[in-house]
Amino acid sequence: MPDPNPRHLLIISGGRDLPERARAVEPGLRTSVICRQDVVPRLVHPEKIQRLIVLRADAPVAEWVAAAEFVHRTDPVDLITNYTEKDTEKTAAIGQALGLPTPAADTYELVADKLRMRQRLAERGVDGTPARVVRNAEEIRAFAEEAGYPLICKPLRGVGSEGVARIDAPSDIDRALAWAAEGAAEMDSPEILVEQFLTGAEFSVESISEGGRHVVACITQKISEREHFVEVGHVLPAPVGAEVAKRIEATVTAALDALEITSGVTHTEVIVTAGSVHIIETHLRPAGDEIPYMLARVSGIDLIDAVARQSLGLPALAEIEKKVDARTDTAQYAAIWYACPDAVGDVLAVDGVDEARSMPGVCEVGVLRGVGKKLRGVTGSFARAGHAWAVGATPQEALDRARDAAKCLTFTVAATGMPGAFEDLSAELGYLLE
């Protein structure tokens with residue numbers, strides 16, 4: 001039944017289906033959205049939004065604040081949220097201008113600025129991975145003399161694996177620097193970070209925090225291609241032993257404390273090396289790549305609902321914790337695999353979707369680069385062409401089903417180049433059982 005005094009939620013930067021999910025939690029809720037132009041096509045049921053204000057990608061913070069003040073004068077705002085990792089500095093400024101609570105601007109900055117994150121984690125004894133902002137090849141060489149090769153070079157405030165490159169030797173520096181600079185040109189900062197390359201198994205950790213308490217909802221195993229480290233597959237729950245899981249959870253909760261994250265759903269990426277768990281980065285948002293939906297399917301843990309509830313000032317941690325504690329042996333696993341065609345050029349046709357959807361265990365098939373879109377190789381998460389996710393009785397069965405379904409997708413392309421064959425990385429999962 002709708003609330004007789006419905007509240008008004010101002011959403012910064014869109015959030016896919018989250019505005020709709022918030023309205024489901026609180027019937028009668030009024031929602032307004034301020035976002036960039038590229039977000040609009042991804043909004044679910046935009047016709048249900050009271051007002052939608054679209055700004056240029058390069059609009060300054062003052063313009064975002066002015067737009068929010070206009071909304072507030074027109075229809076007083078009760079709550080403000082940002083369901084994404086973009087435009088967080090605008091969210092903090094708007095919250096301050098309207099006198100509404102948001103995560104502290106410094107918390108946003110600690111998470112977005114990868115060097116500041118590294119410095120804080122080192123200060124608190126969580127992770128001492130060497131890192132430095134660099135301006136040219138000479139500064140990378142100087143850092144390599146201290147940290148040693150290999151290195152990772154990437155945009156300081158990057159997202160989606162854009163502009164990420166590995167440096168194995170001095171001969172790789174110019175290429176990696178140019179690639180990182182190209183990626184950084186699309187970000188909020190042109191600065192470039194280099195850090196020590198870590199070798200090990202990759203995972204992401206989906207957590208929820210409330211009142212400074214943290215609960216790990218799931219550990220997901222990641223599979224990335226080896227040139228730009230774009231994620232091409234995920235499996236959850238990750239096939240790890242109890243001791244490894246305990247070390248991952250302890251490191252992630254320590255990192256959340258160090259970064260002063262006290263509330264919200266977070267997505268943290270880690271690498272487990274021979275003797276340690278290292279933080280790669282963390283995000284003040286749920287995971288992408290369909291991970292929350294896969295988790296809900298196999299466990300009943302709905303982190304999207306939790307985000308919607310928390311954005312309305314409602315508790316969500318206790319319900320998630322109850323389901324985590326009740327979980328015993330996993331009866332079902334979920335996996336996603338991405339279609340990454342080798343061709344570069346314009347997509348003329350996409351076939352095989354119905355065949356992929358009909359395969360055993362397949363839950364969803366999505367085309368990300370449809371007719372009229374451009375393919376440009378596996379250069380970042382936003383360049384992947386399609387995906388399929390599936391469930392299975394074992395991690396390997398789920399992964400095989402997802403991979404086989406994704407292989408059904410065929411893309412007819414007016415090709416202008418071939419970046420090189422995409423390596424099949426999904427033959428077998430690496431199990432960390434100790």
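The values are calculated or read from the model by the stated rules, or taken from the named source; none is laboratory data. Here the structure is a predicted model, which means the values were calculated and not measured. In this analysis, Cβ positions are derived from the backbone assuming ideal geometry, glycine residues included, and neighbour counts consider all displayed protein chains.
So the values come out like this:
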read-out	value
Cross-chain or 6+ apart pairs with Cβ under 9 Å, region 263-278 first and at positive phi, then crowded, with 18+ Cβ neighbours inside 10 Å and at pLDDT below 90	Gly264/Pro103; Gly264/Leu284; Gly264/Arg285
Within region 165-214, considering residues that are among the aliphatic types (A, V, I, L, M) and touching a residue at least 60 places away in the same chain (Cβ under 8 Å), the one nearest to Glu269 (Cα to Cα)	Val205
Among the residues listed as Glu290, Glu281, Glu243, the single one being among the charged types (D, E, K, R) and over 18 Å from the mean Cα position of the chain (by Cα)	Glu243
Region 65-108: number of residues that are out of contact with any Asp or Glu (no Cβ under 9 Å at 6 or more places or on another chain), among the β-branched types (Val, Ile, Thr) and more than 16 Å from Ile53 (Cα to Cα)	2
Some residue of region 150-163 being part of a loop (DSSP other than H, G, I, E, B), closer than 30 Å to Asp75 by Cβ, touching a residue at least 60 places away in the same chain (Cβ under 8 Å) and within 20 Å of the chain's Cα centre (by Cα)	no
Those residues of region 324-356 which are touching a residue at least 60 places away in the same chain (Cβ under 8 Å), outside any strand (DSSP E or B) and not hydrophobic (A, V, I, L, M, F, W, C), in sequence order	Thr330, Gln332, Pro341, Asp342
Complete set of residues in region 166-185 that are within 18 Å of Thr199 (Cα to Cα) and surrounded by fewer than 13 Cβ atoms within 10 Å (Cβ to Cβ)	Asp168, Ala169
Some residue of region 369-383 being surrounded by 19 or more Cβ atoms within 10 Å (Cβ to Cβ), modelled with pLDDT of 95 or more and either small (Gly, Ala, Ser) or outside any helix (DSSP H, G or I) (or both)	no
Any hit, region 352-365, residues being within 28 Å of Gly163 (Cβ to Cβ) and either at pLDDT 95 or above or not assigned by TED's automatic domain parsing to the domain that holds Gly233 (or both)	no
Given (1) among the β-branched types (Val, Ile, Thr); (2) touching a Phe, Trp or Tyr at 6+ places or on another chain (Cβ under 8 Å); (3) part of a loop (DSSP other than H, G, I, E, B), number of the condition Val44 does not satisfy	(2)
